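Q: I'd like to ask some things about the structure below.
Bear in mind these aren't lab numbers, they're just calculated from the coordinates by the rules spelled out. It should be emphasised that the depicted structure is a prediction, and the values quoted were computed from it without experimental measurement. Here Cβ is always computed from backbone atoms with ideal geometry, including for glycine, and neighbour counts include all displayed protein chains.
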Amino acid sequence: MKKTSIINRDFKALSVGKVARSRSSLLFVLLGTLGLFITVLYFKGNVSNPPGPEATSREIPIDLPNASRKIQSTQLSVSTSPALLKPVAPPSPSPQKWTPYTVKSGDNLAKIFKHFSLSASTLHHIINSSEQAKALTKIKPGQVIKFSKNANDGFLALEYALDPVRSLRIQSILSGYESTLIEKPVKIVHNTASTVINNSLFYDAKQAGLTDRTIMELATIFGWDIDFAQNLRKGDSFSLLYESRYTGNTQLENGHILAAEFINRGSTYQAVRFVDKNGHAEYFSPDGKSMRKTFLRNPIDFARVSSHFNLRRKHPVLNRIRAHKGVDYAASTGTPIKTTGDGRIVYRGVKGGYGRVVIIQHGQKYSSLYAHLSKYGRYKKGTHVKQGQVIGYVGKSGLATGAHLHYEFRINGVHKNPLTAKFPAATPINKNLMSEFKQQTTPLLSQLKTAKQTHLAQSR
């Protein structure tokens with residue numbers, strides 16, 4: 001009996017131990033399941049906001065002691081990317097290297113490109129890449145072309161100065177070649193000049209600091225009223241306001257004359273430049289009358305009158321009285337001859353003692369003749385020409401003792417002295433533009449007056 005009781009007691013203890021162990025296992029399983037569930041919920045909440053490629057971050061709310069204030073949040077960023085590095089700037093490109101080449105006499109583009117080890121094919125494609133690029137075909141000795149090449153000695157770019165202000169740059173691009181016009185900024189200032197004629201217009205104007213171009217423009221402005229070859233006198237004077245153009249500190253060719261005054265043999269002439277809304281510029285007197293007449297007084301600039309209009313003159317070759325129905329201008333062979341007015345060339349050829357002749361009809365009433373030419377200009381018979389265009393060159397063809405121009409002027413078929421004939425004026429300022437004309441020109445004339453007064457004060 002005792003043995004049986006002991007066995008029952010041991011069995012009961014074993015049973016209790018098993019139950020205890022079973023309860024422990026069950027508790028462990030439940031805790032594990034609960035942990036897994038919480039983990040799933042955590043990661044499920046973060047799947048909708050996956051971390052970026054650079055870093056992940058969590059916002060942890062922190063309750064502040066003062067409940068009346070809004071709850072703020074502090075952002076805590078936890079980086080999962082590699083260690084942050086400061087960005088490294090790419091290496092700056094090396095400046096473009098240019099090699100200049102001065103065009104020599106006898107050079108052409110093919111020779112220049114060969115000098116730089118560039119192929120004829122490259123030259124062909126560059127020239128035909130644009131209309132602008134064709135300017136390269138007009139290179140002249142003394143001009144400079146700059147070339148830029150890559151490390152493999154291939155073409156990168158070239159630059160060619162068209163004038164002191166504009167340059168043409170042609171550079172290689174993926175699709176071929178690109179032409180760009182580069183312009184330097186130009187500053188325009190107003191300058192003045194005044195002087196008295198003691199020697200000649202050209203000499204004294206040069207002494208006053210004027211360029212050849214400005215002197216020629218001055219003569220053109222007053223050329224309808226003053227014969228600078230015949231009527232200029234010592235003591236005549238002029239004052240003018242003109243543009244000076246600069247790029248940087250380098251002075252370029254002067255710009256246009258803005259206002260001018262010329263005193264010739266006691267008569268005063270004034271002119272001012274007016275530019276209309278279309279950009280058309282012309283010179284007028286202060287009261288709006290055009291300085292441009294129908295005809296120029298002189299077909300040759302600064303030429304000397306060697307023989308006047310004289311109906312009783314003795315012919316130098318024939319040695320007998322023969323009317324000289326025109327004016328002779330002494331000038332060297334090849335001097336350009338300008339048509340004195342708009343018209344149509346009705347004759348171009350040899351005409352007896354006149355030698356080579358050009359005759360121009362100006363409407364129904366007027367005509368002009370130019371004789372003893374060495375050669376003709378590019379305008380043919382029947383061509384319409386504009387005032388100032390070159391229709392021939394001084395020579396001594398026909399009955400002539402030396403190089404000169406014989407010039408005749410006719411009104412209704414009657415010879416008139418071209419030095420004294422009255423020419424009709426061109427169209428004056430339109431009445432509707434008079435207000436604009438005054439507004440634009442009055443300040444220019446005021447500057448001209450001040451310049452003249454300053455010069456007179458300094459010369460005393």
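Q: Just rank His324, His256, His372, His384, fewest to most, by other beta-carbon atoms within 10 angstrom.
A: By the 10 Å Cβ count, ascending, the order reads His384, His256, His324, His372.
Q: At q = 0.22 Å⁻¹, what is the base-10 log of I(q)/I(0) for segment 99-183 according to the Debye formula with one equal point scatterer per Cα and no solvent? Please give it to two decimals.
A: These q points yield log10 I(q)/I(0) values of -1.14.
Q: Starting at the first residue of segment 194-210, write each ³J(HN,Hα) from the Karplus equation 6.51 cos²θ - 1.76 cosθ + 1.60 with θ = phi - 60°, in whole Hz, x for Gly and Pro.
A: 8, 7, 9, 7, 10, 10, 8, 4, 5, 5, 5, 5, 5, 5, 7, x, 8
Q: Provide the net charge surrounding Thr211, with neighbours chosen by a C-beta distance below 12 Å and charges set as Lys +1, Arg +1, Asp -1, Glu -1. If you can, show how the numbers build up before the last one.
A: Working: positive: Lys206, Arg213, Arg245; negative: Asp212, Glu217, Glu243, Glu253.
My count for the surroundings of Thr211 gives -1.
Q: Expressed in nm to one decimal, what extension gain is obtained for the pair Lys187 and Arg169 from 0.36 nm per residue of sequence separation less their Cα-Cα distance?
A: 4.2 nm
Q: Using a cut-off of 13 Å between beta-carbons, work out the net charge of the residues near Asp301 (Lys and Arg +1, Asp and Glu -1, Asp301 not included).
A: +1
Q: Would you list Asp276, Asp236 from fewest to most Cβ contacts within 10 Å?
A: Asp276, Asp236
Q: Strictly over 20 Å apart at the Cα level, which of Lys351/Lys396; Lys277/Lys452; Lys138/Lys338 would you flag in this model?
A: In this structure, Lys277/Lys452; Lys138/Lys338 exceed 20 Å between Cα atoms.
Q: Moving to a separate point now. Assuming 0.36 nm per residue, please report the length gained on full extension of the stretch Val414 to Tyr203 beyond their Cα-Cα distance.
A: Stretched out fully, the Val414 to Tyr203 stretch lengthens by 72.2 nm.
Q: Right, next: Once both labels are modelled 7 Å past Cα along the beta-carbon direction, what's the Ala120-Thr180 spacing in nm?
A: With each label placed 7 Å out from Cα toward Cβ, I get 3.2 nm.
Q: Around Val196, with a cut-off of 10 angstrom between Cβ atoms, what is the net charge of the other residues, counting Lys and Arg +1 and Asp and Glu -1?
A: So the surrounding residues net to -1.
Q: Order the peptides 114-122, 209-217 from the highest to the lowest mean number of other Cβ atoms within 10 Å of their residues.
A: 209-217, 114-122
Q: Distance cut-off 29 Å, Cα to Cα: go down the list Lys184/Lys293; Lys114/Lys375; Lys184/Lys386; Lys140/Lys375 and report the pairs above it.
A: Among Lys184/Lys293; Lys114/Lys375; Lys184/Lys386; Lys140/Lys375, the Cα-Cα distance tops 29 Å for Lys184/Lys293; Lys114/Lys375; Lys184/Lys386.
Q: Provide the gained length on full extension for the span Arg245 to Gln364, in nm with one decimal, where the gain is 0.36 nm per separating residue minus the Cα-Cα distance.
A: 38.5 nm
Q: Is the shape of segment 304-416 rounded, prolate or oblate, going by the alpha carbon gyration tensor and its root eigenvalues a ≥ b ≥ c, with a/c under 1.5 for rounded and a/b larger than b/c for prolate?
A: It comes out oblate by the Cα gyration axes.
Q: Same structure, new question: Among Arg348, Arg304, which comes first, second and so on when ranked by fewest other beta-carbon atoms within 10 Å?
A: In order of increasing Cβ crowding within 10 Å: Arg304, Arg348.
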